[in-house]
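Student: Mind having a look at this structure? Questions to follow.
Derivation of every value follows stated rules applied to the coordinates shown; laboratory data play no part. Not measured: the values here are computed from a predicted model. Cβ sites come from the backbone with ideal geometry, for glycine too, and all protein chains shown count toward neighbours.
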Amino acid sequence: MKEIHSRDNAFYKGLKKLADSARERKKRGQTLLDGLHLVQTWEQQRGALDTLIVADSARQNREIAAYLGTRPVTVLSDVLVRELGLVDTPSGILALAPIPEPELPPDTAADALLLDGVQDPGNLGTLLRTAAAAGVRQVLLSAACTAPWSPKVLRAGQGAHFLLAIHSDVDLLGFMRDFRGSTLVTSLDDAHSLYEANWSAPAAWVFGAEGQGVRAELLAAAQQRLRIPMPGGVESLNVGAAAAVCLFEQVRRRLAVQS
């Protein structure tokens with residue numbers, strides 16, 4: 001067991017770079033998982049992790065101690081864990097994990113979630129989790145999206161990353177043009193009600209940035225514009241909530257056909 005208490009330690013400096021820099025994560029092909037749930041889910045889905053890290057005080061946590069058993073770990077002082085700044089409330093257990101690359105290019109004949117410029121890590125993590133829950137297995141991100149494998153997005157995704165093919169820096173317009181199904185976008189203007197519109201499978205759902213929404217060229221390329229009826233007088237929904245409504249309306253329709 002190795003214990004680290006100094007900010008000048010080379011291993012800790014490497015962790016700090018990964019925590020702070022999307023460029024460093026891309027360069028090294030690694031990211032940091034924070035939390036026992038994420039670590040457990042990774043190992044269940046992808047296999048054992050080589051580098052496990054615990055906060056000094058977390059060694060007394062029964063759940064963490066039971067999970068780790070006699071496996072080798074690196075211990076960081078609580079101060080150093082907090083200074084990594086991965087999340088507002090560190091869980092006490094971290095792991096270094098390789099960033100998986102999709103084995104195949106985006107599939108133009110399968111359901112897809114297309115995200116255009118989503119910047120908030122919490123929103124992106126929620127969108128990934130919603131896609132996984134709704135059975136959508138590929139997510140395509142424009143270059144303007146926040147880094148999907150950042151620790152904060154991973155924490156918000158709660159393990160959804162490990163169930164998805166996540167494609168970054170994608171030409172969304174090109175994908176939409178080649179897509180062999182329905183391309184759908186939510187809009188307040190010139191749109192049909194989500195609950196009255198018809199679309200065919202597969203479906204590519206396009207959602208945009210929190211403030212700006214979907215770019216005009218993507219709106220123009222979509223086969224259908226859909227609006228979510230909001231009788232309560234609210235002008236719009238958070239992008240994560242809007243995606244959940246749409247994707248689970250898709251789930252509802254498909255289950256109804258099967259029954």
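Student: In percent, how large is the relative contact order of the chain, given Cα pairs closer than 8 Å and 6 or more residues apart?
Tutor: Numbers: 450 pairs, mean separation 48.8, N = 259.
Relative contact order, the chain: 19 percent.
Student: Might you report the magnitude of the Cβ-based charge dipole of the range 99-151 about its Cα centre, with Lys and Arg at +1 and Asp and Glu at -1, to the nearest 20 debye?
Tutor: Working: 2 positive and 6 negative charges, 32 e Å.
Here the range 99-151 has a charge dipole of around 160 debye.
Student: From a point 7 Å beyond the Cα of Ala22 in the direction of its Cβ, which residues of the range 85-123 have a backbone N at a distance under 11 Å?
Tutor: Within reach of a label on Ala22: 117-121.
Student: So if each residue of separation counts as 0.36 nm, and I subtract the Cα-Cα distance between Leu237 and Thr108, what length gain in nm does that give?
Tutor: Working it through step by step, the gained length comes to 43.6 nm.
Student: So between Val87 and Ser57, what do we pick up on full extension, going 0.36 nm a residue minus the alpha carbon distance? Walk me through the intermediate numbers first.
Tutor: On the way: separation 30, 0.36 × 30 = 10.80 nm, distance 1.69 nm.
Gain on extension, Val87 to Ser57, equals 9.1 nm.
Student: Mind jotting down a quarter of the surface of the convex hull over the alpha carbons of the range 156-259, in square nanometres, one decimal?
Tutor: Numbers: hull surface 32.8 nm².
Here the figure is 8.2 nm², rounded to one decimal.
Student: Under a straight-distance cross-link criterion of Cα-Cα below 12 Å, which aspartates and glutamates are reachable from Lys17, leaving out those fewer than 8 residues away in the same chain?
Tutor: Glu83
Student: Quick one: plug the Kirkwood hydrodynamic radius of the range 63-183 (C-alpha pairs) into Stokes-Einstein at 20 °C, 1.002 mPa s, and report D in µm²/s.
Tutor: Working: Rh = 16.1 Å.
In µm²/s, the coefficient is 133.
Student: Setting aside same-chain residues fewer than 8 positions from Lys152, which aspartates and glutamates have a Cα under 12 Å from its Cα?
Tutor: Once the sequence-local aspartates and glutamates are set aside, what remains near Lys152 is Asp20, Asp34, Asp88, Asp120.
Student: Going by average Cβ density within 10 Å per residue, which order do the peptides 188-195, 134-141 take, highest to lowest? Numbers along the way, then the final one.
Tutor: On the way: 188-195: 12.4, 134-141: 20.6.
Answer by packing, highest mean first, reads 134-141, 188-195.
Student: If one takes the longest principal axis of the Cα atoms in the chain, at what angle in degrees, from 0 to 90 and to the nearest 10, does the Cα axis of helix 121-133 lie?
Tutor: Result, in degrees: 70.
Student: Only one of the values (i) 19.6, 66; (ii) 20.3, 79; (iii) 20.4, 62 was calculated from this structure for Rg and Dmax of the Cα atoms in Å; name its label.
Tutor: (iii)
Student: Compute the length gained on full extension between Leu255 and Gln212: take 0.36 nm times their separation in residues and subtract their Cα-Cα distance, giving the result in nm to one decimal. Walk me through the numbers before you get to the answer.
Tutor: Details: separation 43, 0.36 × 43 = 15.48 nm, distance 3.35 nm.
This chain segment gains 12.1 nm when fully extended.
Student: Can you tell me the order of 95-105, 177-187, 59-69 when each peptide is scored by its average per-residue count of other Cβ atoms within 10 angstrom, highest first? Working shown, then result.
Tutor: Values: 95-105: 14.5, 177-187: 18.2, 59-69: 12.5.
Per-residue Cβ counts within 10 Å, averaged per peptide and sorted highest first, yield 177-187, 95-105, 59-69.
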